[in-house]
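Here's the structure we're looking at; comments come further down.
None of the figures in this text is laboratory data; all of them are computed from the coordinates on show. None of these values were measured; they are calculated from a predicted model. Positions of Cβ are backbone-derived with ideal geometry, glycine not excepted, and every protein chain shown enters the neighbour counts.
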Number of protein chains: 2
Amino acid sequence: MALIVQKYGGSSVGTLDRIRLVASKVIQTREQGHDVVVVVSAMQGETDRLIQLANTLVTEPDPREYDVLVATGEQVSMSLLAMALHDKGCSARSFNSLQIGIMTDLMHTKARILDVKTDKIKHELSRGNVVVIAGFQGVNAQGDITTLGRGGSDTSAVALAAALKADECQIYTDVEGVYTTDPRLIPEASVLTHISFEEMLEMASLGAKVLQMRSVELASKHNLPIRVLSTFSDAPGTLVTLEENVIQKRLVSGIAFSREEAIISLSGVPNRAGIEGLILNRVSEQNIEIDMIAQNATDKETTDFTFTLQRKDYANTLKIIEQLAKELDAVYVKSNANVAKLSLVGIGMRSHSGVATTMFKALGDHDINIQMITTSEIKISVVIDEEKLELGVRGVHEAFELDKLSSEKKPAFLEV
Amino acid sequence: MALIVQKYGGSSVGTLDRIRLVASKVIQTREQGHDVVVVVSAMQGETDRLIQLANTLVTEPDPREYDVLVATGEQVSMSLLAMALHDKGCSARSFNSLQIGIMTDLMHTKARILDVKTDKIKHELSRGNVVVIAGFQGVNAQGDITTLGRGGSDTSAVALAAALKADECQIYTDVEGVYTTDPRLIPEASVLTHISFEEMLEMASLGAKVLQMRSVELASKHNLPIRVLSTFSDAPGTLVTLEENVIQKRLVSGIAFSREEAIISLSGVPNRAGIEGLILNRVSEQNIEIDMIAQNATDKETTDFTFTLQRKDYANTLKIIEQLAKELDAVYVKSNANVAKLSLVGIGMRSHSGVATTMFKALGDHDINIQMITTSEIKISVVIDEEKLELGVRGVHEAFELDKLSSEKKPAFLEV
């Protein structure tokens, strides 16, 4: 008998029919002899409805009260799921974060979990109950309700699983698991059977929205296996675990990408200490976040400095940079607002030098110009024209034969 | 400086505009130098929406989870009101029943308040904050969320006011106060400036839905003045208080009535001990509630036994009674499904014997036949044909000059 923490996202509890389906899933796990703790998100659309209420009422909702308001979304879904479980003859009790003691820091709207009390949960499990817990919310040392930010229910589930020393944390969602790349773009994308925490973190940070990054960090820290799987099928999904537990060795695991990027490049920047800080400071002063940064030393006196950012900030940033270029004599600005980022992720590339070569060749073979490159230990990111993104992802996906990674029957992809 | 507890009902916080209006009302009281604790109901329609979710999901919602679900309604409105107060520059903090410690018994869906913790509230007041509290909900000794039943927010407010030893509990609603009778029927009805707890209890129990009965009992027990007033005007409303504090002495205070009643009468019932129990037992076995009961001893051997009940239970009850009449030889059943109850309430009738005479004469003058009479110390109830109800109420209202009770300008009546 194992202890399983299951998390069901907003689309999984989005309608009353789906809540009944989730109840059946929970009961199925229970009937396999496991103890089950369930973490639920708010019903799809509910959090947005509550946020809109606040934003229509006042221009700047008080953060403390904002948390009190949006936390009701999960309380609604947890009680409905417990009712559905009861209705199917399964004893269940729902609890919010105040009742359990999901302790967070004092930050509102994006609190971090500090500690999870487990007494009540263990007591309820020992009485044979399924325990249903509101995700996304916590309580701070002052007894105030906090929330963890968008996607926070994943983190709630992992933190609960870690505190309870659960055997597995199952994240139920509306996709079949972690794909080699977005199957909406590349229908040949495979579902990975395993992925390491590190790779998952890179994928998550690069825009693959299956899991909240913080939850992967937390699971990695506690060496807690996460399984990402679909509420709407019986496929085994993807196990996110330690690198050494990843049986199916491979060079690369997936391709993440993000659209709506822009790139700005300064050539002939004086090659002196502090110049990068000067440039970035001008931008960050305007609360603009930049993403990738690359610098090339062209000769001893000047250097090239390139960065990317979200397209929505492009026009403002370009103005700032052009002003700066005037100040820094002889600097030439080049920019492109229609680019995308494509990143190849895989722990295998640590020990295999040919990965970058294969990737760049695949892009070149499709006549795709690489405008910027950055790398980390397990990731290579390139910036290319957005209109060539699909072609690029497809080319790299094929070059690494990612469509053959999964031996399973191709799963359907649900449009979110 | 006084401590005022204000309660705003569902229609008072029914829209975002109204929540802003309530915030202004609270600030107005605050600016008069008072400490303010606000108790809110759920936004109008929200509790029904939540109940419908539960009833659509399952046929019999688990009572514990039902309470978890519906309690979210007040949490939404309390946070929105606190936001609106912040937005207007008034520091405010909202708390649900778990956070405050509004302790109830273990009953779900109609719990009773046992104790109210005041530490947190006093602490917040001492820091200069307005404290906004969710009405209608509590927490039991097991830490489970409970609710107090429909109209429970009135009781929450009175219980909080009593625990805090508040100077006044103000119940804001969408009517101008307590009327001498329903102004939708009799536009000449006056708003009472004062009414005693006892009278208010009789009015409440007789269908005047301004205040939940339990809240009046509680206020009476703690000698806590309640003021019933409108969110949408600045009129002083009605003060519900001890009899000795009612300055404006009068014979009668108001006329309550209820439609949709039915009357069943048995004549020639054997006049022996236990016969009334036998009759009522047959009816209550079917979970039918009866309302008024009157018995006349006609002679030594037989008696008449009459009772009223809600019209929806009439057909079933009549069948039961006709069966019983057969068993109790020589009993004759008379019934009428189209009657209404009209009740005159007033502490003055204790010492003035002419009240009943005036009332019956007024009805007789309008050719209204009285089918049943019951009395209590401060109330006379009669059953008449429903089609003559308006005529009867108007006749009695005029006979006691109830339209002249209030010297204020006639207030508008908002349709609920």
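Put the label 7 Å from Cα along Cα→Cβ for B:GLY101; what are its distances to the other copies, in nanometres, shortest first?
Copy-to-copy label distances for B:GLY101: 1.6 nm.
Calculate, for A:ALA337 and A:GLU289, the FRET efficiency according to 1/(1 + (r/R0)^6) with r their C-beta to C-beta distance and R0 22 Å; round to the nearest 0.05. Could the numbers behind the result be given before it?
Numbers: r = 16 Å, r/R0 = 0.73.
Once rounded, the FRET efficiency stands at 0.85.
To make sure I understand, if each residue's beta carbon is the centre and we count other beta carbons within 10 Å, what order do A:ILE288, B:ILE370 fall in, fewest to most? It would help to have the intermediate numbers written out before the result.
Working: A:ILE288 17, B:ILE370 14.
Ordered by Cβ neighbours within 10 Å, fewest first: B:ILE370, A:ILE288.
Starting with the highest mean, order B:55-62, A:347-354, B:211-218, A:184-191 by the number of other Cβ atoms within 10 Å, averaged over the residues of each peptide. Spell out each step's value before the answer.
On the way: B:55-62: 16.2, A:347-354: 14.0, B:211-218: 22.1, A:184-191: 18.6.
Ranking the peptides B:55-62, A:347-354, B:211-218, A:184-191 by packing returns B:211-218, A:184-191, B:55-62, A:347-354.
Pop out the Kirkwood hydrodynamic radius of the protein assembly as shown from its pairwise C-alpha distances, inverse of mean 1/r, in Å to one decimal. Intermediate values should be presented prior to the final figure.
Details: mean 1/r = 0.0317 Å⁻¹.
Result for the protein assembly as shown stands at 31.5 Å.
Taking the Cβ of A:SER97 as the center, what net charge do the other residues with Cβ under 13 Å away carry, scoring Lys and Arg +1 and Asp and Glu -1?
Values: positive: A:LYS117, A:LYS120; negative: A:ASP67, A:GLU74, A:ASP115, A:ASP144.
The answer is -2.
Under 16 Å Cα-Cα from B:LYS221, which aspartates and glutamates qualify once same-chain neighbours fewer than 8 residues away are excluded?
B:LYS221 reaches B:ASP115, B:ASP154, B:ASP167, B:GLU168, B:GLU198, B:GLU199, B:GLU202, B:GLU243, B:GLU244.
Need one number: % antiparallel among DSSP beta bridges in chain B, to the nearest 5. Spell out each step's value before the answer.
Numbers: 47 of 75 bridges.
For chain B, the DSSP antiparallel bridge percentage is about 65.
Would you work out if segment B:18-110 is rounded, prolate or oblate? Take a ≥ b ≥ c from the square roots of the eigenvalues of the alpha-carbon gyration tensor; rounded if a/c is under 1.5, else prolate when a/b is larger than b/c, oblate otherwise.
Details: a/c = 3.35, a/b = 1.97, b/c = 1.70.
In terms of gyration-tensor shape, prolate.
Provide Rg and Dmax in Å for chain B, with only Cα atoms included in the calculation.
23.6, 76
Grab the beta carbon distance between A:GLU377 and A:LYS122, set R0 = 35 Å, and tell me the FRET efficiency rounded to 0.05. If you can, show how the numbers build up before the last one.
Working: r = 40 Å, r/R0 = 1.13.
Computed FRET efficiency for A:GLU377 and A:LYS122: 0.30.
Of the beta bridges DSSP finds with both residues in segment A:3-174, what % are antiparallel, to the nearest 5?
On the way: 6 of 26 bridges.
Expressed as a percentage, antiparallel bridges in segment A:3-174 total about 25.
Taking 0.36 nm per residue of separation and subtracting the Cα-Cα distance, what length does fully extending B:GLN142 through B:GLN32 add?
Details: separation 110, 0.36 × 110 = 39.60 nm, distance 4.04 nm.
Gain in length upon complete extension: 35.6 nm.
Quick one: how many lysine pairs does segment B:255-404 have with C-alpha atoms less than 28 Å apart and a gap of 8 or more or different chains? Give me the count, please.
The number of close lysine pairs in segment B:255-404 is 25.
What residue among A:GLY149, A:GLY237, A:GLY33 has the largest mean-square fluctuation in a Gaussian network model of chain A, using Cα springs under 10 Å?
A:GLY33
Shortest first and in nm to one decimal, what separations exist between B:LEU278 and its copies in the other chains, measuring from label points 7 Å along the Cα-to-beta-carbon line?
The projected label point of B:LEU278 is separated from its counterparts by 10.9 nm.
Could you go through segment A:355-364 in sequence order and give the Karplus-derived ³J(HN,Hα) for each residue, using 6.51 cos²θ - 1.76 cosθ + 1.60 with θ = phi - 60°, rounded to whole Hz, and x for Gly and Pro?
Computed from phi, the couplings for segment A:355-364 are 4, 4, 4, 4, 5, 5, 5, 4, 5, x Hz.
Counting other Cβ atoms within 10 Å, keep those with at most 15, restrict to DSSP loop, and tell me which trypsin sites (Lys or Arg not before Pro) in segment A:61-123 are left.
On the way: sites: A:ARG64, A:LYS88, A:ARG93, A:LYS110, A:ARG112, A:LYS117, A:LYS120, A:LYS122; in loops: A:LYS88, A:LYS110, A:ARG112, A:LYS117.
The qualifying sites are A:LYS88, A:LYS117.
Read phi for every residue in segment B:78-88 and hand back ³J(HN,Hα) as whole Hz from Karplus 6.51 cos²θ - 1.76 cosθ + 1.60, θ = phi - 60°, with x for Gly and Pro.
After applying 6.51 cos²θ - 1.76 cosθ + 1.60, I find 5, 6, 5, 5, 4, 4, 5, 5, 3, 4, 9 Hz.
Between chains B and A there is a rotation axis; tell me the chain B residue with the nearest beta carbon and how many whole Å away it sits.
Residue plus distance in Å, as requested: B:THR72, 2.
Defining the label point at 7 Å along Cα→Cβ, can you sort the distances from B:LYS165 to the same site in each other copy, shortest first, in nm?
So the distances to the same position in the other copies read 5.1 nm.
Using a Cα distance threshold of under 17 Å, what count of lysine pairs results for segment A:3-174 when pairs must be 8 or more residues apart or interchain? It would help to have the intermediate numbers written out before the result.
Details: A:LYS7/A:LYS25; A:LYS7/A:LYS165; A:LYS25/A:LYS88; A:LYS117/A:LYS165; A:LYS120/A:LYS165; A:LYS122/A:LYS165.
Close lysine pairs under the 17 Å cut-off: 6.
Using each residue's phi in segment A:139-147, evaluate 6.51 cos²θ - 1.76 cosθ + 1.60 at θ = phi - 60° and report the 3J(HN,Hα) Karplus result to the nearest Hz, with x for Gly and Pro.
Once θ is set to phi - 60°, the couplings for segment A:139-147 become 9, 9, 4, 7, x, 8, 6, 10, 10 Hz.
PRE reach from A:ASN55 (point 7 Å along Cα→Cβ): which of segment A:136-177 fall under 15 Å by backbone N?
A:150
Let me make sure I get this right: for segment B:3-173, a, b and c are the square roots of the gyration tensor eigenvalues over alpha carbons, sorted descending. Under 1.5 in a/c it's rounded, otherwise prolate if a/b > b/c, else oblate. Which is it? Spell out each step's value before the answer.
Working: a/c = 2.17, a/b = 1.41, b/c = 1.54.
The shape class here is oblate.
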